[in-house]
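Encoded as structure tokens, the structure appears first; notes follow it.
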Amino acid sequence: MLRKKLILALLLIGSISLLASCSKDDGDKTYYYSAGFASFSFSSSGDLSSNLEKMIEEMTTIESVFYTELEVTSSPFSLTGSQEKCDLQVRTACEAAAETLRAVSWHGTYSYDVINVSTEEVVFSLALGEPEAAEE
């Protein structure tokens, strides 16, 4: 009789633990993000070919710094968790990228956005170059 009660109690505890662990993940979803240039421009003075090369070099640098901080290799990319947690992870990585990029003198002007495609919200936006760049 005691053994039966013990087994029943263990089964009950196991069931409660299983239900509790499943409910913790109920808010976790996969969110998709897109990172890229919203706009860019380059001075029209000088040699078109060298300006184009410089612009491509700068854009590649900007994108590379963002990808490195975001720990991704391409866009779009995805994260799994709550929306708040995923957006915070993206925003934190983007702030680190922005800090690095603000220390550079740019020849062109660039606006780089990271968008939560799942919610259609801009998670981070950065403007670089002349005129005086300001984060939105």
Would you mind finding the one in T80, T61, T30 that is more than 15 Å from V114 (Cα to Cα), modelled with pLDDT of 95 or more and assigned to a helix (DSSP H, G or I)?
T61
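Each row is one residue, and each column tells you yes or no for (1) under 17 Å from the mean Cα position of the chain (by Cα); (2) surrounded by 14 or more Cβ atoms within 10 Å (Cβ to Cβ); (3) hydroxyl-bearing (S, T, Y).
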| position | (1), (2), (3) |
| --- | --- |
| Y31 | yes, yes, yes |
| F42 | no, yes, no |
| S50 | no, no, yes |
| E57 | no, no, no |
| T60 | no, no, yes |
| E63 | yes, yes, no |
| E71 | yes, no, no |
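Residue by residue through region 86-118, note down the ones that are over 13 Å from the mean Cα position of the chain (by Cα) and either crowded, with 18+ Cβ neighbours inside 10 Å or touching a residue at least 12 places away in the same chain (Cβ under 8 Å) (or both). Please lay out each step first, then the result.
First, the residues of region 86-118 that are over 13 Å from the mean Cα position of the chain (by Cα): 99-111.
Passing the criteria: T100, L101, R102, V104, W106, H107, G108, T109, Y110, S111.
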Could you please find all residues in region 30-50 being without any contact (Cβ under 8 Å) to a residue 12 or more places away in the chain and at negative phi?
S44, S45, D47, L48, S49, S50
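The values are calculated or read from the model by the stated rules, or taken from the named source; none is laboratory data. Worth saying up front: this structure is predicted, and the values here are computed from it rather than measured. Cβ atoms come from the backbone with ideal geometry, glycine included; neighbour counts cover every protein chain shown.
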